[in-house]
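Notes for the one structure printed next.
Just so it is clear, none of the values below were taken in a lab; they were calculated from the coordinates. Everything numeric in this text was worked out from a predicted model, so none of it was measured. In this analysis, Cβ positions are derived from the backbone assuming ideal geometry, glycine residues included, and neighbour counts consider all displayed protein chains.
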Amino acid sequence: MTAKQITPFLKPALEIGPIVVFFAAYVLLKDKIFDIGGTEYEGFILVTAGFIPLMLISTALLWKLTGHLSPMQIVTAVLIVVFGGLSVWLNDERFFKMKPTLIYLLFGAALGIGLLRGESWLRKVMEGVMPLQHEGWMILTRRVCAFFFGLALLNEVIWRNFPTETWVYFKTFGLTAAIFAFFMTQGGLFKKYGIEKE
């Protein structure tokens, strides 16, 4: 199915908006404790509980407006429900912090399997955005695969060794900046292997 065209700023707003709301809510509630049904919950857990439906609503709106969801968007939504739900249910923030690790490991592994088969599964997702020659796709896929594994390792180091606040800042700004910086450094590859549209 071909994705429907929507306002250019609406798609990134729906993708990034929930993360911005999560960060803002965390900053407001991070030092507070809430007694619900005789159980004490830190602000982080309550913010996580609110983030789950917000992310699902945002994903549903994306699907309704575009008629399409990428595999990454679907898997991310599922992992947010599962690991966010476990964090809330067990009152343990560690599960939600593990989520980025699993997301990056899953997609790194998927790209790696494609590479072993001589295919670029990244091409299937991004070809409409960046038309490249086959060799360019293979090189970019190897780099993105390694990058995903690196992000998974970095997330593990941060959440296991630093306070929750550090992890929230890393998740909100660090990962986004890292992904942006990574693709900015691929300019030479895009220039060398890019296919100009007629």
For the chain, modelled as a GNM with alpha-carbon contacts under 10 angstrom, which of 94, 160, 117 fluctuates the most?
117
Anchor residue 124: lysines whose Cα lies under 18 Å away (excluding residues fewer than 8 positions away in-chain)
4, 197
To the nearest 20 Debye, how big is the dipole of the stretch 93-198 about its Cα centre, given +1 on the beta carbon of each Lys and Arg and -1 on that of each Asp and Glu?
160
Note down the net charge around residue 19, summing +1 for each Lys or Arg and -1 for each Asp or Glu among other residues with Cβ under 15 Å from its Cβ.
+3
Compute the helix-to-body angle for 175-184: its Cα long axis versus the longest principal axis of the chain, expressed 0 to 90° and rounded to tens.
10
Take the alpha carbon atoms of the stretch 33-56, find their center, do the same for the stretch 60-137, and report the distance between the two centers in whole angstrom.
25
Using only Cα atoms, find the angle between the long axis of helix 71-90 and the longest principal axis of the chain, and express it within 0 to 90 degrees, rounded to the nearest 10.
20
Just rank 70, 87, fewest to most, by other beta-carbon atoms within 10 angstrom.
70, 87
Ellipsoid equivalent to the chain - semi-axes via the Cα gyration tensor, in Å
33, 19, 15
Rounding to the nearest 10 and keeping the result within 0 to 90°, find how far the Cα-based axis of helix 10-29 lies from the longest principal axis of the chain.
30
